[in-house]
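Peer 1: Can you keep this structure in mind? I'll have questions shortly.
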Amino acid sequence: LESVEQALAKGDIACVITEPALTNIGIVLPEDGFLDGLRDACDRHGALLLIDETHTLSAGPGGMTATHGLRPDIVVVGKAIAGGVPIGAYGISANLTERIEAATGPGGADLVDVGGVGGTLAGNALSLAAARATLGEVLTDDAFTRMSALAERYTAGVQDTIDRHQLPWSVTRLGARAEYRFCAPAPRTGTESAAAEDEELDEYLHLALLNRGILVTPFHNMALMCPATSEADVDRHTEKFAEVVAEVAG
């Protein structure tokens with residue numbers, strides 16, 4: 001937070017854009033109080049806070065904004081909300097809406113054309129139909145409850161194998177998403193996460209699991225539960241992961 005405060009203190013930053021947890025570099029969860037501190041820092045220096053929930057929607061219905069009680073001015077989301085059909089969406093707080101209207105005058109805010117969501121691809125019928133079906137029938141509260149429980153089961157299985165072989169590895173869960181890393185404790189920053197990468201070991205684990213019928217996300221060791229995932233699927237990964245790790249550990 002200190003570096004954020006220093007940057008904001010210059011007075012030339014209009015908006016802070018962030019994921020509430022890192023994902024593409026590997027799952028890196030925020031430290032306790034960080035996101036609240038970020039909100040407070042933005043308020044003190046007159047900057048907006050935009051949270052990108054595209055990847056962190058896995059935390060639960062409403063993403064980390066809902067599960068962690070965050071207070072962004074703007075939220076953006078995409079990908080999962082339409083089940084794989086291209087889409088993007090954003091929302092703004094009531095307070096920011098009032099500020100926009102106050103600054104532009106009655107009817108002056110161009111929210112339905114080039115200044116808002118208008119454009120050639122806006123309101124695409126296929127994307128909207130896919131989002132309606134996904135949010136109404138697939139990514140339901142009940143589905144998230146079940147997916148998160150499966151991710152917890154997955155995490156416990158991985159952790160048990162790590163503990164059994166006393167490996168300096170870790171596993172982190174974010175709602176329905178979980179990932180194991182070649183370091184312990186789990187990375188606290190993107191820099192630590194990048195330093196924990198081991199390409200040779202990573203490739204070996206992926207190939208060894210693939211030879212046993214388990215296809216893991218190719219660019220890191222992440223698993224994301226979906227409504228169709230079963231306990232049997234999770235337990236099969238736990239079994240095969242244990243076999244591969246036993247070979248690595250000797």
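Only the coordinates and a few stated rules stand behind these numbers; no lab work does. Note that the coordinates shown come from a computational prediction; the quantities given were computed from them, not determined experimentally. All Cβ positions, glycine included, derive from the backbone under ideal geometry; neighbour counts span all protein chains shown.
Peer 1: Taking the convex hull of the alpha carbon atoms in the stretch 141-250, what volume per residue do you get, in Å³?
Peer 2: Dividing the Cα hull volume of the stretch 141-250 by its residue count gives 99 Å³.
Peer 1: Follow-up question, since we're still on this one. Given a cut-off of under 8 Å on Cα pairs at least six residues apart, what relative contact order in percent is computed for the stretch 2-138?
Peer 2: Relative contact order here is 17 percent.
Peer 1: Are there trypsin sites (Lys or Arg not before Pro) in the stretch 143-250 that DSSP puts in a loop and that have at most 15 other Cβ atoms within 10 Å, and which ones?
Peer 2: When the trypsin sites (Lys or Arg not before Pro) of the stretch 143-250 are filtered for loop state and at most 15 Cβ neighbours within 10 Å, 188, 212 remain.
Peer 1: Name the long-range amide H neighbours of residue 222: under 5 Å, sequence gap of 5 or more, or other chain; modelled H, no Pro or chain starts.
Peer 2: When sequence neighbours closer than 5 places are left aside, the close amide H contacts are 217.
Peer 1: Starting from the Cα of residue 104, step 7 Å toward the Cβ, then list every residue of the stretch 45-62 with an amide N under 16 Å from that point.
Peer 2: none
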